[in-house]
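Take a look at the structure below.
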Amino acid sequence: MAVKGLLKAFSNGSSDESIAATTSANHAKRLEVLDDFELAGISWLWATDAEGRFVYLSDKAAENLNKPIEDIMAQPFTALFENDPDNPDEKSDRPLHYQLSKRSKLRDLVVRRVPATLNQEDRPTWWMISAHPKFDEAGEFKGYRGSAKDVTVEYQRKLEDSRLAEFDSLTGLANRHRMDNQLNGILGAFKAASRSCAIMMLDLDRFKQVNDTMGHPAGDELLKQVAKRVRTIVGDRGEIGRLGGDEFQIILPDLDDRGKLGEIAEKIVKIVSQPYPIDDKSAVIGTSIGIAVAPYDGVEKDELVRSSDLALYAAKNSGRGQFRFYSADLKDEEEERRLLVEDLRDALDNDQLQLNYQPVVRTDDHMVVGFEALMRWVHPERGSVSPAVFIPIAEELNLINQLGEWALRKACTDALQWPSSVRIAVNVSAVQFANSGFPEIVMNALAASGLEPERLELELTESVFMGDSETIDNTFKILKELGVRLALDDFGTGYSSLSYLRSAPFDKIKVDKSFVDSCTQTDKNSAKIIAAIVSLSEALGMETTVEGVEAFDQFTLVCSKGARYIQGWIYSKALTLEEIEEKLGSGEFRIEPDGPELYRPDRRTVFRRIGAIHEDHRYDVVMRDLSKTGARFEGMLGVPLGTKLVLDLGGGQLVISTVIRVKESMLATEFETPLVGDGAGGLCTRHRVSPYDLAAAGMPLAALPPGNYPLAQNESGQASKPKFMQVVV
């Protein structure tokens, strides 16, 4: 009763007008509080309709976006904001529009202003937003109600901290930490989708010389320029990282075509090897590249990186300035190199090194006018070791000056046994030339042998111009005063050759073999380049020697372009001193050209066992010749022309081919898809048997195991009778 009376009293004492007034006052107070809240910048408010369009936005928020609020209204929220792909704290890979479409709650989500909506005077902007979906009493979605605040300053600081942790401060490339994380993430995701991923390991050749001769600031500048060049080549196909020092890594997702990978690597080698302008000087370096492809060469990160490292060591130890693909038969090249270093020291002490001499011949009368001294190392166990392998090692070990002085002295002494009209050419490395005592070494060699200075020709490459220009100029001056001749070797392979001709007193230009190899191909400009070089040298009063002529079609072409001197196999390979003495003794110092009519660069004589697969039978045969377009092998009888065979070249390399010639047990086949270069002078298939296919057939997912890769049996599951007879070779 008391309660009812109280309620009645309250009712009698309150009119509808007073209730309305109270409610209106509360609304006004609420609006005042919200206005103060927004004006204080603590946070802004926003709301959207069911279609995601703005229906409300705080005035201060519109000011922050530098847009009139009427231009923002009715625009979708996602037209102005998006996820930031570089957000170091955002773990979800779901786009903002997806989260909004699912009507999820948003809590402290950092979004960025869509770059396309920024005017020239606008700054990049990041907001932190929170929001919840609104539903009416019927459960119908009415839109979002949320808050936002500008976190641009704090977020950019966090981005910079994250960048410092993941990127190399010198080059701007990813660092080792980021590259490891990227590779782990890619390989993990790609396993489920059966996708491939290639990595390239790059190591700069002769970078230490730049640091030693030009200083560390020059070395840093060089690394920046290298990063820029590699970034230009790779583009958006992959991510590039600097792992430390002069070591780089490239990740190339979804690329297992070794033809395309080889093209990229070859382009990197060529571009990185061009001269670098640094502080009015020129630095010349090179690079070696090792390539491994997942899942063929490794499934896990560590395995794949090790494979690429082995390929890199193989590239460096095979002469540098080249690329190599990983293969299962690669040895531990690092250990091999260590042993080779020890053996090279012994070779110098035990007279295992020798000089052979390749003739330089005048085309008018085929008379020998000179020889180039070529160093040879015949190892008692390894056999012949290429100069491209041991010369770089000698440079690193500071043995090159000792090695070069020995070669210079011996060449001068040997040349005394030849007619006085015959010159001797000796190669000089950049490290030798940079030695301030080099002119004295030349003088001593001439004095000890008694050879006339004009009979000695020093062959230099563009790399000698790296380093202190004053020392270089002084060395050139002294050598010319001595009367020795100077030749620029490998001319035309660098960007700055013409400036070198202007600044250095050369007597001869040597046309690089790479132009000769392709001079007869109509789709190349090599013939025109050879003609231009010959004309240039004549205009400058210099001689020209064309290197690497092997066949008569090349010989005829270079002669037609004005070549007067040729050094190549069409005349002779490098000869021992004894062979030269024998020819001189018989009065023969004239060499008639002799070689194939046509140059075939892709034909290689081989002798190894491979598999020839027909239907569900594998035949063991011996391959004799291999080219990009076909192979010749022995070991099968009764094979008719036109028969389709799959050749198993090993390492998962299967090639579909057609028999085009048969002579008893010797077959020649033509490939359906041409092979590509493997970077080491050999050939390989573009693609291989996929470990994913092997896993689907019951094998564990792993890198390609060694062994054969026969085709599956026929549909019945039983092997049919072989149609051909195998012959033991």
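The values are calculated or read from the model by the stated rules, or taken from the named source; none is laboratory data. These numbers come from a predicted model, not from an experiment. We place every Cβ from the backbone using ideal geometry, glycine too, and count neighbours over all the protein chains shown. Keep in mind that these areas ignore ligands, DNA and RNA; they rest on the heavy atoms of the full protein, side chains included. Shrake-Rupley method; radii C 1.70, N 1.55, O 1.52, S 1.80 Å.
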query: Can you name the residue in region 216-256 that is open to solvent by less than 20 Å² (accessible area, probe 1.4 Å) and not aliphatic (A, V, I, L, M) and is also farthest from residue 290 (Cα to Cα) among such residues?
result: 219
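Out of all the residues in region 592-613, is one or more open to solvent by 50 Å² or more (accessible area, probe 1.4 Å), in contact with a strand residue (DSSP E or B) (Cβ under 7 Å, 6 or more places away or on another chain), more than 23 Å from residue 550 (Cα to Cα) and free of Cβ contacts under 8 Å to residues at least 40 places away in the same chain?
Yes, there is a match, as at least one residue in region 592-613 is open to solvent by 50 Å² or more (accessible area, probe 1.4 Å), in contact with a strand residue (DSSP E or B) (Cβ under 7 Å, 6 or more places away or on another chain), more than 23 Å from residue 550 (Cα to Cα) and free of Cβ contacts under 8 Å to residues at least 40 places away in the same chain.
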- request: Determine if region 334-348 includes at least one residue that is at pLDDT 80 or above, of a type in the set (Asp, Glu) and out of contact with any strand residue (DSSP E or B) (no Cβ under 9 Å at 6 or more places or on another chain).
  value: yes
query: How many residues does region 388-402 contain that are open to solvent by 40 Å² or more (accessible area, probe 1.4 Å) and either free of Cβ contacts under 8 Å to residues at least 12 places away in the same chain or more than 26 Å from the chain's Cα centre (by Cα) (or both)?
result: 4
Top-ranked residue of region 520-542 - restricted to ones that are open to solvent by less than 50 Å² (accessible area, probe 1.4 Å) and over 26 Å from the mean Cα position of the chain (by Cα), ranked as farthest from residue 474 (Cα to Cα): 527
- request: For region 107-120, enumerate the residues that are open to solvent by 20 Å² or more (accessible area, probe 1.4 Å) and either over 23 Å from residue 86 (Cα atoms) or of a type in the set (Lys, Arg) (or both).
  value: 107, 112
message: Would you confirm whether or not region 95-106 contains a residue that is farther than 30 Å from residue 166 by Cβ, out of contact with any Pro (no Cβ under 8 Å at 6 or more places or on another chain) and surrounded by fewer than 16 Cβ atoms within 10 Å (Cβ to Cβ)?
response: yes
- request: Would you kindly identify the strands (runs of 3 or more DSSP E) lying entirely within region 190-291 that contain at least 2 residues that are closer than 23 Å to residue 167 by Cβ and out of contact with any helix residue (DSSP H, G or I) (no Cβ under 6 Å at 6 or more places or on another chain)?
  value: 197-205, 239-244, 247-253
message: Can you pull out every residue in region 573-601 that is outside any loop (DSSP other than H, G, I, E, B) and within 44 Å of the chain's Cα centre (by Cα)?
response: 575, 577, 578, 579, 580
message: Taking the criterion of being surrounded by fewer than 16 Cβ atoms within 10 Å (Cβ to Cβ), touching a helix residue (DSSP H, G or I) at 6+ places or on another chain (Cβ under 9 Å) and either part of a loop (DSSP other than H, G, I, E, B) or free of Cβ contacts under 8 Å to residues at least 40 places away in the same chain (or both), would at least one residue in region 638-658 satisfy it?
response: no
- prompt: Where residues in region 446-477 are outside any helix (DSSP H, G or I) and open to solvent by 60 Å² or more (accessible area, probe 1.4 Å), which of them is nearest to residue 406 (Cα to Cα)?
  reply: 452
- request: Could you tell me which residue of region 9-44 is modelled with the lowest pLDDT, considering only residues that are closer than 30 Å to residue 102 by Cβ and open to solvent by less than 50 Å² (accessible area, probe 1.4 Å)?
  value: 38
query: Can you tell me how many residues in region 282-303 are within 20 Å of residue 253 (Cβ to Cβ), more than 16 Å from the chain's Cα centre (by Cα) and not hydroxyl-bearing (Ser, Thr, Tyr)?
result: 9
message: If residue 372 satisfies all but one of (1) in contact with a Leu (Cβ under 9 Å, 6 or more places away or on another chain); (2) at pLDDT 95 or above; (3) not small (Gly, Ala, Ser), what's the number of the condition it fails?
response: (1)
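Those residues that are among the aliphatic types (A, V, I, L, M) and assigned to a helix (DSSP H, G or I), I need them from region 148-185; list them, please.
153, 159, 164, 165, 179, 183, listed by residue number.
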task: Filter region 547-574 down to residues that are in contact with a helix residue (DSSP H, G or I) (Cβ under 9 Å, 6 or more places away or on another chain), touching a residue at least 24 places away in the same chain (Cβ under 8 Å) and more than 18 Å from residue 596 (Cα to Cα), then give me how many there are.
output: 4
field: Members of region 430-445 that are within 28 Å of residue 205 (Cα to Cα) and open to solvent by less than 20 Å² (accessible area, probe 1.4 Å)
entry: 430, 432, 433, 438, 439, 442
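Of all residues in region 548-561, count the ones that are open to solvent by less than 30 Å² (accessible area, probe 1.4 Å) and either of a type in the set (Lys, Arg) or under 16 Å from residue 362 (Cβ atoms) (or both).
Keep residues of region 548-561 that are open to solvent by less than 30 Å² (accessible area, probe 1.4 Å), which gives 548-549, 551, 554-555, 558.
Among the residues that remain, those that are also either of a type in the set (Lys, Arg) or under 16 Å from residue 362 (Cβ atoms) (or both) are: 549, 555, 558.
Residues meeting the conditions: 3.
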query: List the pairs whose first member sits in region 148-163 and is surrounded by 15 or more Cβ atoms within 10 Å (Cβ to Cβ), whose second member is of a type in the set (A, V, I, L, M, F, W, C) and in a helix (DSSP H, G or I), and whose Cβ atoms are under 7 Å apart, counting only residues at least 6 apart or on separate chains?
result: 148/61
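Given the structure, is residue 360 open to solvent by less than 30 Å² (accessible area, probe 1.4 Å) and either of a type in the set (A, V, I, L, M) or at pLDDT below 95 (or both)?
Values: open to solvent by less than 30 Å² (accessible area, probe 1.4 Å): yes; either of a type in the set (A, V, I, L, M) or at pLDDT below 95 (or both): yes.
Against the criterion (open to solvent by less than 30 Å² (accessible area, probe 1.4 Å) and either of a type in the set (A, V, I, L, M) or at pLDDT below 95 (or both)), residue 360 qualifies.
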Residue among 344, 310 that alone is on the phi < 0 side of the Ramachandran plot, within 21 Å of the chain's Cα centre (by Cα) and surrounded by 18 or more Cβ atoms within 10 Å (Cβ to Cβ): 310
- prompt: Before we move on, is residue 315 of a type in the set (Gly, Ala, Ser), assigned to a helix (DSSP H, G or I) and open to solvent by less than 20 Å² (accessible area, probe 1.4 Å)?
  reply: yes
field: Single residue of region 660-699 satisfying the filter (assigned to a loop (DSSP other than H, G, I, E, B) and among the hydrophobic types (A, V, I, L, M, F, W, C)) that is least open to solvent (accessible area, probe 1.4 Å)
entry: 675
statement: Scanning region 415-438 for residues that are at pLDDT 90 or above, among the aromatic types (Phe, Trp, Tyr) and not in a loop (DSSP other than H, G, I, E, B) gives 438
statement: Listed by first then second residue, the pairs whose first member lies in region 434-453 and is under 13 Å from residue 478 (Cα atoms), whose partner is acidic (Asp, Glu) and surrounded by 15 or more Cβ atoms within 10 Å (Cβ to Cβ), with beta carbons under 7 Å and at least 6 positions apart or on separate chains, are 441/405
- prompt: If you check residue 628 against the conditions, is it on the phi < 0 side of the Ramachandran plot, in a loop (DSSP other than H, G, I, E, B) and open to solvent by 70 Å² or more (accessible area, probe 1.4 Å)?
  reply: yes
